[in-house]
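Asks: Would you mind keeping the following structure in view while I ask a few things?
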Amino acid sequence: MNNIKVDYFRVRGAGVSPGIAYGEVLLTEKVVFSSKKESITKNRSVKEWERLQKASERTQKQLEQIKKEVGSLIGEDHSFIFEAHLMILKDKSLLSELEKTIKHDLCSAEWAISQIHDRYNKIFESITDEYLKQRKSDVSDVLSRLYRNLKPQKRKKTDDKKDRIIVAHDLLPSEAAFRMNQGNILAIALDMGGATSHTAILARSLNIPAVVGLRNITKKVKNGDYLIVDGSDGEVIIDPPLAVQREFASKRDKYENYRKELQKTAKLKASTLDGVKFSLMANIELSKEVKPALSLGAKGIGLFRSEFIYFQRTDLPDEEDHFKVYSKLAEDAAPLPVYIRTVDIGGEKSLPQMKIEKEPNPALGLRAIRVSLRDREMFKVQLRAILRASVQRNIRLLIPMITEMEEIEEVKLLLKEVKEELQSKNILFDENIPLGVMIEVPAAAAVSDKMAKEVDYFSIGTNDLIQYYLAVDRTNELVSHLFKPLHPSVLRLLKFIIKSAHKEGIEVSVCGEMSADPLSALVLLGLGIRKFSMNPIFIPRIKRALRSVECQNIEKIVRKAMTFKTAHEIEEYVIEKILFKHPTALLMQEVPLIM
Amino acid sequence: MITKEITVKNKLGLHARAAVKLVNLANRFESSVTIEKDGNIIDGKSVLGTLTLAATKGSSITLRITGKDEEIALESLEALINDKFHEDE
């Protein structure tokens, strides 16, 4: 016989958490429902019903526990499904059907659950709506858990200690949280995926490679098989031959090296060749992004988009909901600063719970501070929560889309009101919490010399500022080529804002995408910016770019560039000059993976 | 007993989250609540029943409420359904 095996499979899916792992498969067991009916006596049936009720109690305890853990681990929004599971478990019609089946058919609890499971499966199978059809998995999940709990079983500890690759049809958030927290998961491969992104989020934050959407990987492998899971390219290889293993081992090494490089960069000093210090911070949306951002070298959270607290729910968050998020942020980042931007909702980022009408021109409509100053009570809830979370003195308050001085005055009045309220209740907060404004409307930029006297800092939102200033929607393909951050008009405007801030001695930072682009970031450095905030994955490359230049030289180059007439001339000149003096500055370090 | 026919308006229909909201609300009232769709009648206080109704967007369901607080119960349940269970779409 020919010994050469070529029968290994490569299965494509979606890589949702980067990295590569090789290891043994652990299929998460599906409950096999009993298919044998054994008749029992009437007396026994009473006992069976009691056994089932006990199993139900155990199941309830487990679900409550999972709900709590998932809630604290990945947010209450995700734990909601377990509330549904609890309700299904306690559903009167479910229990009475089970009782009836046991007592009338004189059968075991196992058989009764199997029967009911079949019955509901049939009902759900007949549903044509795909989304509602999927709900059968909720009922199935509850019944499986109940079934498993009929016999209290201890997990085989020895098995669980070995590092394995989890292969499952779909991983419930509860399973995912439990298993990943145990810390012996090499990788994850799922049939389903995409929609259940909590598993992906969790995997990413714990550095566990994951590929989802593999359709039928559970049918193709069995326990004990060996797999390569390539979370970077979204591929799974079943029983790879040695050559393929080697290939992937070298790929894994490359990835690990890249990761180490990033970590090295993170530890390097943030200063230019001529010793000018700069600071790189992270733009984030979830509190659990803080730690990964810091590990990439972020020196604080330069922009926390607080509207994401609203996007994750269907009702309005209350003060405690806000407070929990802000406290966690402050705690995880301390002593580094966290700039919390009050909600930037409205326009295209509309929310039904806020009852904002659809507008013909959302970018110019009711959004951000305009919404907050209209729904003042809602705004005060947010201000109170931010203040209460500020006890560690590392929170900064940032107001978006300021257009005129009056808005700053109104915010200050409201802030004063909220502060007095808290003081009267003896609630502690940072009385000197810095108040800053986003400079993202050209009108604000034009009066930034006046505004600088009224606030503690500026944060320049270059995306919106440029969009409004150049009248270009960069998401509109027909005009996006006109979106030019290095347009001389933009540089003049930026120069004016920065000068206004410096004149009053207040801090000024940039949190738009200009910060994340090496060339633009260098131009900003030349204009006098020392604080940059960006998507954390770009921090290493910007750090490298800024570290490889002499600030003095860049300032000179930019000063000269500002005398040119067009964006094109400016860009050409700056690139040429920078490369001449600092050949490595614009090396776009590859960001090979989405993290 | 009062009866009212209502159209489900939210995009996802009576899915788990919406069903939980509906059932939780129904359970706050003393009155009995049944929901009928295409001849199937289920207990409006049972989440399982509500899920099996498979009420998708645009389907018409009939609420039947009997008891002392039937008026206010109907009013609240109707408001929840018409408000798309506080969902986006």
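Asks: Just one of the numbered conditions (1) surrounded by fewer than 19 Cβ atoms within 10 Å (Cβ to Cβ); (2) out of contact with any strand residue (DSSP E or B) (no Cβ under 8 Å at 6 or more places or on another chain); (3) hydrophobic (A, V, I, L, M, F, W, C) is not true of residue A:262; which one?
Replies: So the condition that residue A:262 fails would be (1).
Asks: Could you identify the single residue in A:211, A:221 that is over 20 Å from the mean Cα position of the chain (by Cα), modelled with pLDDT of 85 or more and over 30 Å from residue A:325 (Cβ atoms)?
Replies: It is A:221.
Asks: Taking only pairs six or more apart or across chains, which ones have beta-carbon atoms under 8 Å, a first residue in the stretch A:80-108 that is basic (Lys, Arg), and a second residue that is not in a helix (DSSP H, G or I)?
Replies: What qualifies is A:92/B:43; A:92/B:45; A:92/B:46.
Asks: Can you tell me which condition residue A:28 does not meet? The list is (1) touching a Leu at 6+ places or on another chain (Cβ under 8 Å); (2) under 25 Å from residue A:226 (Cβ atoms); (3) modelled with pLDDT under 90; (4) buried (at least 17 other Cβ atoms within 10 Å of the Cβ), and all the others hold.
Replies: It fails just one condition, (4).
Yes or no, residue by residue, for (1) in a helix (DSSP H, G or I); (2) among the basic types (Lys, Arg); (3) on the phi > 0 side of the Ramachandran plot; (4) touching an Asp or Glu at 6+ places or on another chain (Cβ under 7 Å):
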| position | (1), (2), (3), (4) |
| --- | --- |
| B:4 | no, yes, no, yes |
| B:11 | no, yes, no, yes |
| B:14 | no, no, no, no |
| B:28 | no, yes, no, no |
| B:36 | no, no, no, no |
| B:42 | no, no, no, no |
| B:50 | yes, no, no, no |
| B:77 | yes, no, no, no |
| B:89 | no, no, no, no |
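Asks: Same structure, new question: Checking residue A:438 against (1) assigned to a helix (DSSP H, G or I); (2) touching a helix residue (DSSP H, G or I) at 6+ places or on another chain (Cβ under 9 Å); (3) at pLDDT 95 or above, which single condition isn't satisfied?
Replies: The failed condition is (1).
Asks: Is one or more of the residues making up the stretch B:46-55 open to solvent by less than 30 Å² (accessible area, probe 1.4 Å), within 27 Å of residue A:81 (Cβ to Cβ) and more than 11 Å from chain A (Cβ to nearest Cβ)?
Replies: The answer is no; no qualifying residue exists.
Asks: Of the conditions (1) among the β-branched types (Val, Ile, Thr); (2) over 19 Å from residue A:271 (Cα atoms); (3) under 31 Å from the mean Cα position of the chain (by Cα); (4) open to solvent by less than 20 Å² (accessible area, probe 1.4 Å), residue A:497 clears all except one; give me its number.
Replies: (3)
Asks: Considering only the stretch A:368-393, state which residues are open to solvent by 30 Å² or more (accessible area, probe 1.4 Å) and among the polar types (S, T, N, Q).
Replies: A:392
Asks: While we're looking at this one, here's another question. Examine the stretch A:130-141 for a residue that is modelled with pLDDT of 75 or more and in contact with a Lys or Arg (Cβ under 8 Å, 6 or more places away or on another chain), and state whether such a residue exists.
Replies: Checked against the condition, which is being modelled with pLDDT of 75 or more and in contact with a Lys or Arg (Cβ under 8 Å, 6 or more places away or on another chain), the stretch A:130-141 yields no hits at all.
Asks: Sticking with this one: Restricting attention to the stretch A:444-465, which residues are out of contact with any strand residue (DSSP E or B) (no Cβ under 9 Å at 6 or more places or on another chain), over 25 Å from residue A:516 (Cα atoms) and of a type outside the set (D, E, K, R)?
Replies: Within the stretch A:444-465, just A:447 meets the criteria.
Asks: Here's another thing I want to ask about it. Of the residues A:345, A:369, which single one is hydrophobic (A, V, I, L, M, F, W, C) and at pLDDT below 95?
Replies: A:345
Asks: Which ones in the stretch A:294-320 are buried (at least 19 other Cβ atoms within 10 Å of the Cβ), at pLDDT below 90 and within 19 Å of residue A:259 (Cβ to Cβ)?
Replies: Hit for the stretch A:294-320 is A:296, nothing else.
The values are calculated or read from the model by the stated rules, or taken from the named source; none is laboratory data. This structure is a prediction, so every number in the text was calculated from the model and none was measured. Using ideal geometry, Cβ is built from the backbone for each residue, glycine included, and neighbour counts are taken over all protein chains shown. All accessible areas refer to the heavy atoms of the entire protein, side chains included, with ligands and DNA or RNA removed. Shrake-Rupley method; radii C 1.70, N 1.55, O 1.52, S 1.80 Å.
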